[in-house]
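K.L.:
Here it is: the structure, laid out below.
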Amino acid sequence: MSSWTVGRRQMLRGMMNGAVVTVGLPFLDCFLNANGTALANGASLPVCFGSWVAGLGFNPGHWEPKVAGANYDMAPELEVLSPFKDRINIYSGLNGYLDGKPNVVHQTGYQVCINGAVAAGGGENAPSIDQTIADAIGTRTRFRSLEVSPAGSRSSHSRRSASAVNPAEISPAALYTRIFGPDFRDPNAASFTPDPRVMARRSVLSAVDDHRQRLVQNVGAADRARLDEYFTALRGLEQQLDLELQKPAPLEACSSPGAPQEEMPGTEIETVIKNHRLFAGLLAHALACGQTRVFTVEFGGMAAHKAGDSATFHTLTHEEGTDLNLGYQPTVHWFMLRVAEGFRDMVAALDGIREGDGTLLDRCLVMYATDTGNARYHSMDNIPLLTAGRAGGRMKSGVHLAAQGDPVTRVGLTVQQAMGVPVSGWGTESNRTSKPFSEVLA
Amino acid sequence: MTKILWLLSSLALSLVFATRVQAESAPREVEVGLSRLTAEQYRQIIADVFGPTVVVDGIFEPDPRKDGLLAIGTDSVSVTATGLEQYDAMAHGIASQVVDRDHRDTLLPCKPISPAAADDACAGQFFAKVGPLLYRRPLAPDELEERVAVARAATGTVKDFYAGLALSLGGMLEAPEFLFRRDMAEPDPDHPGQYRLTGLSKASRLSFFLWNAAPDTILLTAAEAGELDTETGLSRQVDRMLASPRLEDGVRAFFTDMLQFDQFAELSKDTTIYPRFTPIAAHDAREQTLRTITDHLLTRHGDYRDLFTTSKTFLTPSLAAVYGVPLPDDTPNGAAESWIPHEYAPNDPRGAGILAEASFVALHSHPGRSSPTLRGRALREVLLCQKVPDPPANVDFTLVQDVNNPQYKTTRERLTAHRSQPTCAGCHRLIDPMGLALENFDSSGGFRTRENGVAIDASGELDGAKFSDAPGLGRAMHDNPSATSCLVTRLYAYATGRSRTKADTDFEKGLAKDFADNGYRLPELMQAIAASDNFYSVTGTQIGAAAAAPQPARQAN
């Protein structure tokens, strides 16, 4: 891809003369080819990535296919994913390694899957995988990444560092306004006039950016790094406004979804499922409209409960008796089926948007990650991971990858390489790996 | 003779020169602290500067808790891309309201010559007025010029004076100078070689501590005049601020942080089991405790320890329904619920101070059931400042936690069995016995005497003190020395906004003694902190980090 940049000041000078000027359009993204799968200049539609995280995993022995490789059999706990089997990879036999550090229950497992490292204490400082990927593919969109939490948790696992944790949107209606509200520019609109207000906001940010020099004087290294994080975020925002000032490339599959009703967030499982469906639909439309390429869904899990039941999914994993005939805790199993259903809803939302001969799912990759391989014991062994989608042809799908105790970071490395992140190894200490699942990398 | 004079004068000259060189190369002010404004502080500043009718709408990045306090967690966070996008939206939302037709006449000190053209003089007046209140310091001349220039340019683009002014104001509200509190230190003239906080940084620290707000004009003026560097000047300001009704904002902010009321934002109860625990009741539960606290500690000037035993509180009809209290209410239909003072009868188990309020028993429970463990842990960690270890991995809870087990009908019975496991016993012995004393309160705060048909045994123990119900636990808390030393520790850490160091221990001991001597009165404790040297001290580590910072190369422009 050729690069196209206009200097910040150069652009502003053009705008600040007051007249509404025609703003240069990046040539490469102009038009789609006839069948809508690629841009007219031959470049394919961009890849997209989603991190879909839900706590407490699945029941060991009930989610892994018996057969390894292609044409695997879908195990009972993931049965609901069967219609998408050819687009889903299942990774089993992967462990998280503690290297003598404590297992901070329900945190450490996530850290290994998403950050590739176990924090010595407290928050993990390594960036989460979605942010690393956003740096590679998300810098040319209005939103570098979007984070949502249907269960109402304000915090997310998406982070640039321990001091920069992305907050999650908990209201579908608010997310709708953020993406498709007044600032949305329909890529398929016939005409385009840059909004003078956006031009003015852009120059306001530019003035803030000019303060950096003065602010970082006589500041210690740690605080300077935090100020730099702020200015990195500021540049992201500036870039976002730059994009709003350009005529977007037409995207055939883009349409604005209707505004969802305001819903009360909550941890009652049917509420979570319902809110999640709304979020999944909005995210799919945002991707189809080129508004973002990276997202994180915090499906939650810990506090999920049935209406009228005093126990939560989490307390049940520790308290419910195992049914010896079934070989698992029945209500826990029921909740796990609901989580699988949630993942299915996400995949279905992406697959529901047609792009040329295929669907949006084909150019995306969604990674399911969790915190444990056996919630009852907070086990770090055999942590289940899934990916859905084909990353625009860079990933083969419909494969069960059965490992034998390799670090779980192998999945994160594979995913990053599929997304075009220039990285040959990932993770720290025993969780360090330079072995992607090359059999599924195209 | 002449020669000597010449030598002397040349020596003097070179000395002057050397001093000047040193003055130019040595940093005059260094940064020793950087904290992101909390959501509450942000809201308070906007309300103070622009009035309560300007709405702050958006999501704030979650503030992390460190050493028990959000006030400390904010000293290690930055702003993310998503977070800044939200600050940007909030900033422009606030700024648009400031200049809209409902507000412009009261909030702007002038009218533009033309509403469609730039007016530097009027914009300058506006920013000279609000700038220092937002940045907590006077604006440098070039900063003021910049605001005016940005407003002028924006007005040129959007062809509207007010919109242009709002855009420039929006830029201030998303700038790091506003979003971060920066503690600056300067060489201390009374102690050569040492540093002290600048007057303006002292003003900020004092104001956020006592009022949870940015310094007002009086305090800023005093700081600029150097008054906060003298004992008399400082006392004058401390006394003025303690006497102000705004002290209540500061006390509310502190207890909101210490009691972890930010968790209310994510509190979820099962409405099938607890239909009375409505969103209004949850909101009121938080307010009930803050009212109980400020009424007792400020209005009545009461003893902190009595917060655990008082039978006086405030209720709304919604809350009274949760607690099962018959409340006389003559609020007309459709009118907002009002707060009604309520006093529990002697021996009513609900009269156990703030421990028996929903803000404690409901906040520290599962969505559908009570939890002596969560409550006991909160009691140790939040109110006694003790650390309870996380539960170990690889523990099987199922053996004894099966709620359908006919042998163990009550939570107490299930937990007792759980404690028989040695790996669990260590911690649960520390936290369960006091949590069990609150078993008369269900997960929503509702009062109950039976669980699954079996009478509840609410006896318990705290550090050797035995009791049979919640008021007994309250009395044990009242008499527990850790409860008061915990308050001192938290309040001082909250005020300084940093983790404790070893150097703080002696000072805290002194504070704790004064606190006891004054009958555990909170305003006196706040006064002792606010007027102390320690509160404004800067550590060698802070100075070292800043002094080691490389000087950025000067830019051509």
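K.L.:
Using unit Cβ charges (K, R positive; D, E negative) and no other charged atoms, how large, in debye to the nearest 20, is the dipole of chain A about its Cα centre?
P.N.:
Roughly 1500 debye, rounded to the nearest 20.
K.L.:
Could you tell me what fraction of 2.2 N^0.38 Å the Cα radius of gyration of segment A:95-177 comes to, as a two-decimal ratio?
P.N.:
Compactness ratio reported: 1.20.
K.L.:
Relative to the longest principal axis of chain B, what angle (0 to 90°, nearest 10) does the C-alpha long axis of helix B:481-496 take?
P.N.:
Between the helix axis and the principal axis of chain B, the angle is about 30 degrees.
K.L.:
Next up: Would you work out what percent of the accessible area of chain A, with all protein chains in place, is carbon or sulfur (probe 1.4 Å)?
P.N.:
Carbon plus sulfur share of accessible area: 52 percent.
K.L.:
Are there trypsin sites (Lys or Arg not before Pro) in segment B:435-513 that DSSP puts in a loop and that have at most 16 other Cβ atoms within 10 Å, and which ones?
P.N.:
Values: sites: B:Arg448, B:Arg450, B:Lys466, B:Arg475, B:Arg490, B:Arg498, B:Arg500, B:Lys502, B:Lys509, B:Lys513; in loops: B:Arg448, B:Arg498, B:Arg500, B:Lys502.
Taking segment B:435-513 and a limit of 16 other Cβ atoms within 10 Å, the loop trypsin sites (Lys or Arg not before Pro) found are B:Arg448, B:Arg500, B:Lys502.
K.L.:
Spelling out what I want: for every residue of segment A:341-351, take phi, set θ = phi - 60°, compute 6.51 cos²θ - 1.76 cosθ + 1.60 (Karplus), and round to whole Hz; glycine and proline get x.
P.N.:
Couplings: 5, x, 5, 4, 4, 5, 4, 5, 5, 5, 6 Hz.
K.L.:
For the Cα atoms of chain B, what angle does the longest principal axis make with the long axis of helix B:470-479, in degrees from 0 to 90, nearest 10?
P.N.:
50 degrees
K.L.:
Roughly what angle does helix B:231-243 make with the longest principal axis of chain B, taking Cα atoms, 0 to 90 degrees, to the nearest 10?
P.N.:
Roughly 40 degrees between the two axes.
K.L.:
With no solvent and one equal point scatterer per Cα, compute the Debye intensity ratio I(q)/I(0) for chain A at 0.07, 0.10 Å⁻¹ and report its log10, rounded to two decimals.
P.N.:
-0.35, -0.72
K.L.:
Let me ask something else about it. Diagonalise the Cα gyration tensor of segment B:234-355 and give the resulting equivalent ellipsoid semi-axes, square root of 5 times each eigenvalue, largest first, whole Å. Before the final figure, lay out each step's value.
P.N.:
On the way: eigenvalues 156, 61, 47 Å².
The equivalent ellipsoid of segment B:234-355 has semi-axes of 28, 17, 15 Å.
K.L.:
Using +1 at the C-beta of Lys and Arg and -1 at the C-beta of Asp and Glu, which of A:Ala307, A:Pro407, A:Asn125 has the Cα lying farthest in the positive direction of the dipole of chain A?
P.N.:
Toward the positive end, the furthest listed residue is A:Asn125.
K.L.:
Before we go on, tell me the buried accessible area for the A/B pair, both chains summed, 1.4 Å probe, in Å² to the nearest 100.
P.N.:
Approximately 6000 Å², summed over both chains.
K.L.:
Also: Out of the total accessible area of segment B:481-537 (probe 1.4 Å, heavy atoms of protein only), what percent is carbon and sulfur?
P.N.:
So the carbon and sulfur contribution to the accessible surface is 49 percent.
K.L.:
Now, a different point. If the protein assembly as shown were replaced by its equivalent ellipsoid, with semi-axes equal to the square roots of 5 times the Cα gyration tensor eigenvalues, what would those be, largest first, whole Å?
P.N.:
Details: eigenvalues 400, 362, 157 Å².
Equivalent-ellipsoid dimensions as semi-axes: 45, 43, 28 Å.
K.L.:
Divide the volume of the convex hull of the Cα atoms of chain B by its number of residues and quote the answer in cubic angstrom per residue. Mind dumping the intermediate values first?
P.N.:
Values: hull volume 124.6 nm³, N = 557.
Normalising the Cα hull of chain B by residue number yields 224 Å³.
K.L.:
Next up: Per chain B: cysteines with no other Cys C-beta under 4.7 angstrom?
P.N.:
B:Cys424, B:Cys427
K.L.:
Might you tell me the accessible area per residue for the protein assembly as shown, computed with a 1.4 Å probe and given in Å²?
P.N.:
Per-residue accessible area for the protein assembly as shown comes out at 40 Å².
K.L.:
Moving to a separate point now. What are the residues whose amide H is under 5 Å from the amide H of A:Ser379, where those residues sit 5 or more places off or on another chain and H is modelled from the backbone?
P.N.:
Answer set, sorted by chain and number: A:Gly373, A:Asn374.
K.L.:
Calculate one ³J(HN,Hα) per residue across segment A:183-195 by plugging θ = phi - 60° into the Karplus curve 6.51 cos²θ - 1.76 cosθ + 1.60, and present them in order as whole Hz with x for glycine and proline.
P.N.:
The phi angles translate into 7, 6, 10, 5, x, 9, 5, 5, 10, 9, 10, x, 7 Hz.
K.L.:
Further, regarding this structure: So which trypsin sites (Lys or Arg not before Pro) in segment B:91-152 are both in a DSSP loop and have at most 10 other Cβ atoms within 10 Å of their Cβ? Walk me through the numbers before you get to the answer.
P.N.:
Values: sites: B:Arg101, B:Arg104, B:Lys129, B:Arg136, B:Arg147, B:Arg152; in loops: B:Arg101, B:Arg136.
In loop regions of segment B:91-152 (DSSP not H, G, I, E or B), the sparsely surrounded trypsin sites (Lys or Arg not before Pro) are B:Arg101.
K.L.:
I would also like to ask the following. Based on a Kirkwood Rh over C-alpha pairs, give the Stokes-Einstein translational diffusion coefficient of segment B:2-194 at 10 °C and viscosity 1.306 mPa s in µm²/s. Present the calculation step by step, with values, prior to reporting the outcome.
P.N.:
Working: Rh = 19.6 Å.
After rounding, the answer is 81 µm²/s.
K.L.:
Please report Rg (one decimal) and Dmax (integer) in Å for the Cα set of segment B:481-537.
P.N.:
Reported Rg and Dmax, both Å: 10.2, 28.
K.L.:
Okay, moving on. For peptide A:371-383, what's the mean number of Cβ atoms from other chains within 10 Å of each residue's Cβ?
P.N.:
2
K.L.:
Moving to a separate point now. Taking θ = phi - 60°, what integer Hz values does the Karplus form 6.51 cos²θ - 1.76 cosθ + 1.60 yield along segment A:110-116, in sequence order, with x for Gly and Pro?
P.N.:
4, 4, 5, 5, 9, 9, x
K.L.:
Pull up the cross-link candidates among the lysines for A:Lys85, meaning alpha carbon to alpha carbon under 25 Å and not fewer than 8 places away within one chain.
P.N.:
A:Lys66, A:Lys274, A:Lys396, A:Lys435
K.L.:
Another one. Using alpha carbons only, how many angstrom separate the centre of segment A:351-412 from the centre of segment B:134-159?
P.N.:
50 Å
The values are calculated or read from the model by the stated rules, or taken from the named source; none is laboratory data. These figures come from a predicted structure and were not determined experimentally. Cβ coordinates were reconstructed from backbone atoms using ideal geometry, including for glycine residues, and neighbour counts include every protein chain displayed. Remember, those area values only see protein heavy atoms, side chains included, never the ligands or the DNA or RNA. Shrake-Rupley method; radii C 1.70, N 1.55, O 1.52, S 1.80 Å.
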